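Asks: Sharing a structure here in structure tokens format.
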Amino acid sequence: MRHSSVSADSVYPRPLEAYGWSTELDDIFTSVTDGSSVPGRVVRVDRGRCDVVIADGDSAVSVVHADTGPVADPDPMRLPCTGDWAAVSISAAGTYVQALLPRRTAMVRSSASQRSEGQVLAANVDTIAIAVSLDAEPDLGRIERFLALAWESGAQPLMVLTKSDLAEDADAVRETVEQAAPGVDVLVVSATTGEGMDILGACLSGTNVLVGQSGAGKSTIANALLGRSAMDVQKTRGDGKGRHTTTTRELMPLPGGGVLIDTPGVRGVGMYDASDGLQQVFSEIEALAEDCRFRDCEHFAEPGCAVVEAIEDGMLPQRRLDSYRKLVRENEWIASRSDARLRQDRLKDLKAQGKQGMANMIAKRG
Ligand code: GDP
Ligand code: ZN
């Protein structure tokens, strides 16, 4: 069978480098496979099946349609999602996802169903670019919500202010957004004039996603970054057994290196249990609170409140504190819906990943 050649020379799947494979993944892959599978990256998920891009010889890739039965799990958080690295078994018996490699990062949202379980939208994302159009007043609360979600996933957020050709004062908006986004680079771009697009391209290495309100300019940027030819990646070759003609439209290599994940789910993403992320979005408030006289200061009218002092001194906009409170409340409500079992699972995962600080926080919350 054609695929036997794939397993024979797949010690290092060089063609997968364009899809984000790195030497660090070699050992991880070896630890989850029994030797009969090949490494691949999930580029699209279906019910019970998914498309996985695998190396096809030394210089090409192909996409296989794999059964996810062996990795089925009652917890939707553990199901394959776009961006996952997988061990795929290809034989006369069929094409199966044998195992998933541990995720470095995960973008999560609460599922649409009544049950409060989370759903992973994209895995192993390095940069979450948040697109905000400069043709209107920026909605800072919305930006902070996206930032919380981005930080929470483990990825690095990047602010991309789009349509600079329509902006009245792009610099002023950039400064305002910078205030709402400590620790985050803020770029100003225009797909129309090309302003800032080279810098944006240079900022996107590894695995990237674009999020933001509808109309913010995400598709236009994606098309500009990808160039047209990249939209249709690899036509199927060979006998077609175990694969089908497809493109990897939802996970695409960028010409300058790295990949872009663009799925309908990622586009409509909301916030899900992002307490850790919120601390990072509002890191300056967290830092000020260290100097409050009382450990449990709520920053209303307590004596010796460093946060209120900063507002009175004009160092911290009142809007930031209001937004912080609002998002913390919203997040507590979302978090309260997660059942204890899921939380325990998450705790285990986080401990395994060594994110002890956050694991302790979840444990405290109960
Ligand atoms: P999405 O919903 O976030 O994917 O946004 P789109 O990429 O579809 O863009 C929404 C609208 O903004 C479209 O009509 C685009 O042509 C327009 N647009 C996108 N980027 C720019 C830009 O840099 N300058 C201008 N003037 N218009 C843009
Ligand atoms: Zn205080």
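Asks: With an 8 Å Cα cut-off and a minimum separation of 6 or more residues, compute the relative contact order for region 274-317 in percent.
Replies: 27
Asks: Oh, and also: Output ³J(HN,Hα) for region 151-162: one whole-Hz value per residue in order, computed from phi by the Karplus curve 6.51 cos²θ - 1.76 cosθ + 1.60 with θ = phi - 60°, and x for Gly and Pro.
Replies: 4, 4, 5, x, 7, 8, x, 9, 8, 10, 8, 9
Asks: Could you pull out every residue, at least 5 positions away or on a different chain, whose amide H is within less than 5 Å of the one on CYS305? Hs are placed 1.01 Å off N in the peptide plane, and Pro or chain starts have none.
Replies: ARG293
Asks: Assign one of three labels to region 88-198, namely rounded, prolate or oblate, based on the Cα gyration tensor with a ≥ b ≥ c the square roots of its eigenvalues; rounded applies when a/c is under 1.5, prolate when it is not and a/b is larger than b/c, and oblate otherwise.
Replies: Here region 88-198 falls in the prolate category.
Asks: To continue, here is another question. Net charge around ALA310, counting only other residues with Cβ within less than 10 Å of its Cβ (Lys, Arg = +1; Asp, Glu = -1)? Mind showing how you got there, number by number?
Replies: Numbers: positive: ARG320; negative: GLU284, ASP291, GLU309, GLU312, ASP313.
After counting each charged neighbour, the total is -4.
Asks: Can you check what the net charge comes to around ASP171, using other residues whose Cβ is under 14 Å from the Cβ of ASP171 (Lys, Arg +1; Asp, Glu -1)? Display every interim value, and only then the final one.
Replies: Working: positive: ARG174; negative: GLU168, ASP169, GLU175, GLU178, GLU195.
For residues surrounding ASP171, the net value is -4.
Asks: How would you rank LYS218, LYS326, going from fewest to most other Cβ atoms within 10 Å of each one's own Cβ?
Replies: LYS326, LYS218
Asks: Please list, ordered by chain and number, the residues whose modelled amide H lies under 5 Å from the amide H of VAL259; skip anything fewer than 5 residues away on the same chain.
Replies: GLY206, THR207, ASN208, LEU254
Asks: When DSSP beta bridges are limited to those with both residues in region 81-186, what percentage is antiparallel, rounded to the nearest 5?
Replies: The antiparallel fraction comes to roughly 60 percent.
Readers should treat all values here as calculations from the given coordinates under stated rules, not as data from a laboratory. Values in this document were obtained by computation on a predicted structure and should not be read as measured data. Note: ideal-geometry Cβ built from the backbone for every residue, glycine included; neighbour counts use all protein chains shown.
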